[in-house]
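For reference, the structure discussed in these notes is given below.
Taken together, the values in this text are just the output of simple stated rules run on the coordinates, not laboratory data. This structure is a prediction, so every number in the text was calculated from the model and none was measured. FYI the Cβ positions are ideal-geometry reconstructions off the backbone, even for glycines, and counts take in every protein chain you see.
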Amino acid sequence: MTGAYLRVGDAAGAGGALLHADRLVPAEVRIRPAGRTALAGALAAASRPDPHLLALAEATGVAR
């Protein structure tokens, strides 16, 4: 889902989808390489990322 948001240029939507996924299945975002890559992509695409997304990136060790 995050990839679709990023392809249409909706970084905020991508971030929201990641935060929602983290609430439902945290391991998918925090541990799986695909989730970590999506998180890095959402951070790179956002000019001003959501503070919750930044906290998730920090908790998972994903750099901006």
Review point. Restricting attention to segment 50-64, which residues are over 11 Å from the mean Cα position of the chain (by Cα) and either of a type in the set (V, I, T) or part of a loop (DSSP other than H, G, I, E, B) (or both)?
Key: G61, A63
Exercise for review: Could you list, in sequence order, all residues of segment 19-49 that are among the aliphatic types (A, V, I, L, M), in contact with a helix residue (DSSP H, G or I) (Cβ under 7 Å, 6 or more places away or on another chain) and assigned to a loop (DSSP other than H, G, I, E, B)?
Suggested key: A46
